[in-house]
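Reading through the structure tokens given below for one structure.
The values are calculated or read from the model by the stated rules, or taken from the named source; none is laboratory data. If you're wondering where the values come from, they're calculated on a predicted model, not measured in any experiment. Positions of Cβ are backbone-derived with ideal geometry, glycine not excepted, and every protein chain shown enters the neighbour counts. Surface areas here come from the heavy atoms of the whole protein model, side chains and all, with no ligands, DNA or RNA. Shrake-Rupley method; radii C 1.70, N 1.55, O 1.52, S 1.80 Å.
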Amino acid sequence: MELKDKLDKNKLPRHIAIIMDGNGRWAKERGHNRLYGHYNGVESVRNIVEGCAELGIEYLTLYAFSTENWERPKDEVTGLMELLVDTIRKEVPTLNKNNIRLYVIGDMQQLPESARKEMAAAIDETSANTGLNLIMALSYSSRWEIVNAVKEIARKVENKEIRFTDIDAALFTSHLCTSEFPDPELMIRTSGEYRISNFLLYQLAYSELYFTPTLWPDFRKENLYEAILDYQGRERRFGKTSDQVVS
Ligand code: IPE
Ligand code: IPE
Ligand code: MG
């Protein structure tokens with residue numbers, strides 16, 4: 001029996017989030033520069049997006065570039081940004097063919113204006129699609145997002161658009177970049193690192209975390225199925241007791 005057939009189709013996560021890590025090490029192992037790893041990581045993105053669409057996953061968030069990644073050597077930053085923007089633009093026909101809607105979350109002000117325009121065009125051109133929602137976290141960090149949300153709420157209170165007593169979890173969530181999406185049930189990180197690296201800190205509160213030593217350019221649908229199978233074997237208690245959850 002193939003791994004895919006072992007998946008319980010009634011217990012699939014609605015939202016999967018992935019920290020795509022290990023491109024640099026993958027390239028280094030092969031005696032190449034880091035950008036070679038990023039180029040090869042694109043094939044994994046295609047494969048995983050296709051895999052999620054085939055399974056009927058509703059939301060896939062991919063961490064592609066953090067606000068901290070701007071501090072990397074200039075050559076890598078420029079090369080990686082060009083690759084990301086170029087790939088997204090070129091993939092639009094495929095996204096449309098597969099009914100995939102693109103979103104971008106992150107600090108777009110840090111992107112060069114041309115890149116911003118290309119992103120906006122790609123988002124617009126896929127906006128009528130109703131299948132998989134593909135969310136690219138680009139120039140994203142959770143602390144940046146949370147601080148922004150707090151500022152926006154404070155501004156509204158100051159302008160008397162809302163009252164201090166209106167602030168609750170729902171209002172806060174509605175000011176995050178992810179306000180349109182449910183929280184991820186499953187978060188996957190590749191490359192054997194056991195950390196969150198400023199990714200969806202608020203939204204991952206009750207997500208199941210899955211870590212694999214596989215480096216991102218080697219990650220394929222089979223690895224995704226393995227992660228989902230592992231997820232399906234877990235008991236999600238949300239603070240309750242096991243007995244309460246089972247009954
Ligand atoms: C992930 O791979 C891609 C980005 C963070 C942009 P890395 O570039 O972090 O690769 P490693 O972790 O150095 O191997
Ligand atoms: C996290 O990977 C960011 C992305 C995958 C885009 P990093 O490689 O930047 O994270 P650290 O530095 O190892 O925590
Ligand atoms: Mg890394």
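Just one residue in the set GLU76, GLU58, GLU68 is under 25 Å from THR130 (Cβ atoms) and touching a residue at least 24 places away in the same chain (Cβ under 8 Å); that residue is GLU58. Taking the listed residues ASN23, ASN40, the one that is out of contact with any Phe, Trp or Tyr (no Cβ under 6 Å at 6 or more places or on another chain) and polar (S, T, N, Q) is ASN40, with no other qualifying. Within the range 200-247, the set of residues being open to solvent by 70 Å² or more (accessible area, probe 1.4 Å), more than 30 Å from GLU29 (Cα to Cα), in contact (Cβ under 8 Å) with a residue 40 or more places away in the chain and away from ligand 2 (no atom under 16 Å from the Cβ) comprises TYR202 only. For first residues located in the range 177-199 and within 16 Å of ligand 3 (Cβ to nearest atom), partners that are among the charged types (D, E, K, R) and lie 6+ apart or on another chain with Cβ distances below 7 Å form the pairs ARG189/ASP21; THR190/ASP21; SER191/ASP21; SER191/ARG25; GLU193/ASP21; ASN198/GLU68; ASN198/ARG143.
For GLY51, the conditions (1) open to solvent by less than 20 Å² (accessible area, probe 1.4 Å); (2) closer than 18 Å to SER127 by Cα; (3) away from ligand 1 (no atom under 14 Å from the Cβ); (4) in a helix (DSSP H, G or I) are fulfilled apart from (2).
Being over 15 Å from the mean Cα position of the chain (by Cα), within 16 Å of ligand 2 (Cβ to nearest atom) and open to solvent by 10 Å² or more (accessible area, probe 1.4 Å) is a property that ASN10 lacks. Criterion applied to GLY24, GLY31 was being touching a Gly at 6+ places or on another chain (Cβ under 9 Å), over 29 Å from ARG234 (Cα atoms), open to solvent by less than 90 Å² (accessible area, probe 1.4 Å) and free of Cβ contacts under 8 Å to residues at least 40 places away in the same chain, and the one residue passing it is GLY24.
Only one of GLY24, GLY37, GLY31 is over 16 Å from ILE88 (Cβ atoms) and either away from ligand 2 (no atom under 13 Å from the Cβ) or in contact with a Ser or Thr (Cβ under 7 Å, 6 or more places away or on another chain) (or both). Can you tell me which? Quick ask: steps written out before the conclusion?
Values: GLY24 fails: either away from ligand 2 (no atom under 13 Å from the Cβ) or in contact with a Ser or Thr (Cβ under 7 Å, 6 or more places away or on another chain) (or both); GLY37 fails: either away from ligand 2 (no atom under 13 Å from the Cβ) or in contact with a Ser or Thr (Cβ under 7 Å, 6 or more places away or on another chain) (or both).
Matching residue, one of GLY24, GLY37, GLY31: GLY31.
Figure legend. Inter-residue proximity from the range 115-138: first residues basic (Lys, Arg), second residues within 16 Å of ligand 3 (Cβ to nearest atom), beta-carbon distance below 6 Å, spacing 6+ or different chains. No pairs are indicated. The number of residues in the range 138-194 being touching a Ser or Thr at 6+ places or on another chain (Cβ under 8 Å), surrounded by 18 or more Cβ atoms within 10 Å (Cβ to Cβ) and of a type in the set (Gly, Ala, Ser) comes to 3.
Just one of (1) within 16 Å of ligand 3 (Cβ to nearest atom); (2) more than 27 Å from TRP70 (Cα to Cα) fails for PHE164. It is (1).
If you take the residues of the range 20-33 that are near ligand 1 (Cβ under 6 Å from one of its atoms) and of a type outside the set (Asp, Glu), which of them is nearest to ALA64 (Cα to Cα)? Write out each step before concluding.
First pass over the range 20-33, keeping only residues near ligand 1 (Cβ under 6 Å from one of its atoms): 20-25.
Still in the list and also of a type outside the set (Asp, Glu): 20, 22-25.
Numbers: MET20: 7, GLY22: 12, ASN23: 11, GLY24: 13, ARG25: 16 Å.
The extreme case among them is MET20.
Across the range 60-102, the qualifying residues are those that are assigned to a strand (DSSP E or B) and open to solvent by less than 30 Å² (accessible area, probe 1.4 Å), and the one among them that is nearest to ASN148 (Cα to Cα) is SER66.
Having 2 or more residues that are closer than 21 Å to ALA137 by Cα is the bar; report the helices (runs of 4 or more DSSP H) wholly within the range 155-247 that clear it. So that I can check it myself, show each step before the final result.
Values: elements: 169-173, 221-232, 242-246.
By residue number, 169-173, 221-232.
Within the range 47-61, can one find any residue that is within 16 Å of ligand 2 (Cβ to nearest atom) and among the polar types (S, T, N, Q)? Yes, the range 47-61 has at least one match.
Only one residue in ILE100, ILE105, ILE57 is more than 12 Å from ligand 1 (Cβ to nearest atom) and within 23 Å of SER142 (Cα to Cα). Which one?
Values: ILE100 fails: within 23 Å of SER142 (Cα to Cα); ILE57 fails: within 23 Å of SER142 (Cα to Cα).
None of the other options fit; the residue is ILE105.
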